[in-house]
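The block underneath contains the structure these notes are about, expressed in structure tokens.
The values are calculated or read from the model by the stated rules, or taken from the named source; none is laboratory data. Source: prediction; values computed, not measured. Quick reminder, even Gly has a Cβ in these numbers, built from the backbone with ideal geometry, and neighbours come from all protein chains shown.
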Amino acid sequence: MATTGDAPQSARKPRSVFSAASDGRTDGLQTLILGLKIIEYFARQTEPVGVTQVANALSLPKARAHRYLSTLRDMGYLLRDPATDRYKAGWGLYILSQDVSHHFTLTRFALPVMEGLRDEIDKTVVLSTYSGTDFVVLDFVPQRSPLEMGLRPGSRFKVNAAAQGKIALAFGDDDLLERVIGEGLGKLTDRTVDDPEALRDQVARIRERGWADAPDELFPGINAVAVPIFGQGHHLLGALAAVSTTVAMPPPPGAELVAAIQAAAGRISQALGVPPQG
């Protein structure tokens, strides 16, 4: 089941560069932003797509989308199938992703800890970070079972819809909660919290206890228990979560499970230069 960025130096994160396109910036910067949005779009696609599909997805004139796709193809970031006139990610994107992953501090330090935690708790372990009002999956280590459960790296979800996102609401930007509420709280399942006061109450409890869960809120039948990962200065870098079915991991989570996830998150934070607590 395929379901489930380096992180900012401060919990007071700047807006995503992709949100700047409508801010009246220079044409050159808008061109750069649009090119990055197209690259990001193709990084998420599992099948080749046509010019019209790209234009519709990014609200572009078809001719303009074609120019960008042709340029990215010439640079090696995209491949075009001449038989279908459809595009897909090319070797340039693959090489770029490999270069970035080799230097991505959070994932590099987190992966061995995640593997150890998976073996300890026998659950899928997911590492996430944040971008704007979304949480972004960085990596996951699947549970050792015939049924593999995970969240595809690069997947993005609104922060009100999952345990990892609620960690950002509790420990991230001071104004993030109200920004998310102001944008409107959509529902992914019947259990997704879309009432502002209920979400404010949840976030207050998460701050007090130090962990979040979200049974059936992102996907029906799935639960996650997440804790924060901090960088120097106690700035939020991301979240570490155990993910499983609501049958195997019913709410509320046991104290031993929460303690194991918190200890693993603490080891990642220490590897990033955060002094141990206590």
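Details
- Being among the β-branched types (V, I, T), touching a Phe, Trp or Tyr at 6+ places or on another chain (Cβ under 8 Å) and under 18 Å from F135 (Cβ atoms) is true of V243.
- With respect to the conditions (1) of a type in the set (A, V, I, L, M, F, W, C); (2) part of a loop (DSSP other than H, G, I, E, B); (3) at pLDDT below 90, L60 falls short on a single one, namely (3).
- Subset tally (residues that are of a type in the set (A, V, I, L, M), buried (at least 16 other Cβ atoms within 10 Å of the Cβ) and under 15 Å from L176 (Cβ atoms)) for the range 194-216: 4
- Applying the criterion of at least 3 residues that are modelled with pLDDT of 90 or more and out of contact with any Cys (no Cβ under 9 Å at 6 or more places or on another chain) to the helices (runs of 4 or more DSSP H) found wholly in the range 75-185 leaves 105-121, 163-171, 176-183.
- One residue from A20, A65, A43, A55 being of a type outside the set (S, T, N, Q) and modelled with pLDDT under 55: A20
- Any hit, the range 220-233, residues being buried (at least 23 other Cβ atoms within 10 Å of the Cβ), in contact with a Lys or Arg (Cβ under 8 Å, 6 or more places away or on another chain), assigned to a loop (DSSP other than H, G, I, E, B) and not acidic (D, E): no
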